[in-house]
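Student: Before I ask anything, here is the structure I am working with.
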Amino acid sequence: MTWKNSSTNKDALQPSSPHSLMGLDHQTALEHGLRLPVDFNYQKVEFSYQAFVMLQSLNDYDQQQVIKEIQFISLHPTAASSVKQSRNPFRHMRRTDIPFRNYHYFIDYKIATNCQVHVTDIYFDKQLYGEKDRHTDERTMLYQVERIGIGAKYDGVKTEDEIEKLTNEWGDPKPITQVNTTHAAVNGMLNEFTKAQWLMGTHLDTAYQSDAIKAYTLFHNPSDKVVRDLIECAFDKSQSNTSHNAQHLAAVLKQNQQLGKKVKWVAHSQGAIIFLSALQYYRVNYQGQLTGQELAIHGSGANLAELQQAAKLAGLKTHRPRNNPFDPVPNLAGKNDLSKSSFARSLKFARALLGSSGVSPHTLPFLGVKTYHQQLVMLGDHKRAAYVRKYINQAEQMNELL
């Protein structure tokens, strides 16, 4: 078997056995948090208690994807795409593939003699989660990431060796169906799974410096190489589109609010684009204010005014953004500073995005322009350091004139 059950929800019907079958009707489904489609064939499908609890525990997005598959199974129980995973000829598994490849569940079901479908369980597909040799095979899902290091943080100028220690600070990820931590993060583009773990932990430490963060939830936005990542960004920026990433995140935000969870988020780079799209989707498709949650924005790939306005409308508190004035991503991609001087700075530092984490104006959290200057000096990038020093001098002269 390549999967495991991950349900922990106890707020469902209590039968004599987890394998007991139950039928549903529209009213019962609603009472237990399931939004089944109006055309769902209640007579054709029964659920085991175990499958029902797992389905009930999922956020709205994952739940809807699983229900779509159960609908397909009810109409085509012997379809070739429902791959047999057992020697038992009456047991089937259904695996699917949707755009942006978010989906990561198996449907375990049997076909009764009366052709009724018995959904016996719902599993995480272990083949799909975690780090992959090909980063494009990684999937969007939630992970709980633990602090496994000695407490290294990016809180000032660091040597290369000290920055390297940050990469070993976070790990032991476990796929989960809902946020169980006080802190959470959405990573940006070109972040394969291992990088996203330590980098988002580093950004959270900076965003919420007074918190002793021992674990956080990573909403992993996997990288599919530069071109496809850019397409995803453009897709979410379009007013008429919402990616599966953003729909999924909106459902997670809704689930947190329904369960009364207070969650402190950080969104970095493309993560800010996804967060903005998720908030816009939330406002149209869900009800209620996200007053129990808050957001720190770092290296924003989204326009700050739009993101802050969307957050305000949803009742979500935002913190002061951390955008490096030499970072092309918030300046140009996010359209936060399209002045001639910003364009010139962005061009001069564009190649630095591909350099080491300490030299890049985008990768690590922005601690202030003077700290960035000192960081460049520490790492021996004196040419870029001179540009930053000139910028600081000009800003200080302007302040004196004012």
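Student: Using R₀ = 51 Å, calculate the FRET efficiency as 1/(1 + (r/R₀)^6) where r is the Cβ-Cβ separation of His382 and Asn180; round to 0.05.
Tutor: 0.65
Student: Evaluate the charge dipole of the range 189-311 about its Cα centre and quote only its size in Debye, nearest 20, assuming +1 on the Cβ of each Lys and Arg and -1 on the Cβ of each Asp and Glu.
Tutor: So the magnitude is around 260 debye.
Student: Tell me the mean residue ellipticity at 222 nm calculated for the chain from its helices only (DSSP H runs of n ≥ 4, each -39500 (n - 2.57), averaged over every residue, nearest 500).
Tutor: -11500 deg cm²/dmol
Student: Relative to the longest principal Cα axis of the chain, at what angle does helix 60-75 sit, 0 to 90 degrees, rounded to 10?
Tutor: It is inclined by approximately 30 degrees.
Student: A further question on this structure: Please compute the net charge surrounding Thr318, taking Lys and Arg as +1 and Asp and Glu as -1 over other residues with Cβ under 13 Å from its Cβ. Mind dumping the intermediate values first?
Tutor: Working: positive: Lys264, Lys312, Lys317, Arg320, Arg322; negative: Glu294, Glu306.
Result for the local shell: +3.
Student: Would you grab the residues whose amide H sits under 5 Å from the one on His183? Only those 5+ places off in sequence or on another chain, please, with H modelled 1.01 Å from N.
Tutor: Those qualifying (amide H under 5 Å, at least 5 residues apart or on another chain) are Thr217, Lys264.
Student: Here's a follow-up. Please determine, in degrees from 0 to 90 and to the nearest 10, the orientation of helix 270-285 with respect to the longest principal axis defined by the Cα atoms of the chain, where the helix direction is its Cα long axis.
Tutor: Tilt of helix 270-285: around 50 degrees.
Student: Moving on to the next point. Could you give the angle, 0 to 90 degrees to the nearest 10, between helix 340-349's Cα long axis and the longest principal axis of the Cα atoms of the chain?
Tutor: 80
Student: Let me check against my output: what whole-number percent is the relative contact order of the range 135-322, with C-alpha pairs under 8 Å and at least 6 apart?
Tutor: Reported relative contact order: 22 percent.
Student: Another one. Only Cα pairs under 8 Å and at least 6 apart count here; give the relative contact order of the range 338-402 as a rounded whole percent.
Tutor: On the way: 35 pairs, mean separation 12.7, N = 65.
Reported relative contact order: 20 percent.
Student: Tell me the relative contact order for the chain as a rounded percent, counting alpha carbon contacts under 8 Å between residues six or more apart.
Tutor: Working: 761 pairs, mean separation 47.4, N = 402.
Averaging sequence separation for qualifying contacts and normalising by length gives 12 percent for the chain.
Student: Kirkwood Rh and Cα-based Rg: tell me the resulting Rg over Rh for the range 135-322, rounded to two decimals.
Tutor: Rounded to two decimals, Rg/Rh equals 0.94.
Student: A further question on this structure: Can you put Arg389, Arg228 in order, fewest other beta carbons within 10 Å first?
Tutor: The fewest-first ordering by Cβ neighbours comes to Arg228, Arg389.
Student: Checking the table Lys262/Lys335; Lys195/Lys312; Lys174/Lys261 against a 27 Å threshold on Cα-Cα, which pairs fail?
Tutor: Table pairs above 27 Å Cα-Cα are Lys262/Lys335; Lys195/Lys312.
Student: Using the 10 angstrom Cβ neighbour count as an exposure proxy, how do Ile231, Ile163 rank, fewest first?
Tutor: Working: Ile231 12, Ile163 20.
The fewest-first ordering by Cβ neighbours comes to Ile231, Ile163.
Student: Here is a further query. Return the long-range amide H neighbours of Lys317 (sequence gap of 5 or more, or a different chain), with a cut-off of under 5 Å between placed amide H atoms.
Tutor: Gln293, Leu295
Student: If I histogram all Cα-Cα distances within the chain using bins 20 Å wide from 0, what percent of pairs lands in each bin?
Tutor: All Cα pairs considered, the percentages come to 26, 51, 19, 4, 0.
Student: Could you put Met398, Met378 in order, starting from the residue whose Cβ has the fewest other Cβ atoms within 10 Å?
Tutor: Fewest-to-most Cβ neighbours within 10 Å comes out as Met398, Met378.
Student: Greater than 22 Å separation of Cα atoms is the criterion. Which listed pairs, Lys44/Lys68; Lys153/Lys390; Lys68/Lys254; Lys153/Lys317, meet it?
Tutor: Table pairs above 22 Å Cα-Cα are Lys153/Lys390; Lys153/Lys317.
Here, each number is a calculation from the coordinates, and none is a lab measurement. Here the structure is a predicted model, which is why all the values come from computation and not from measurement. Positions of Cβ are backbone-derived with ideal geometry, glycine not excepted, and every protein chain shown enters the neighbour counts.
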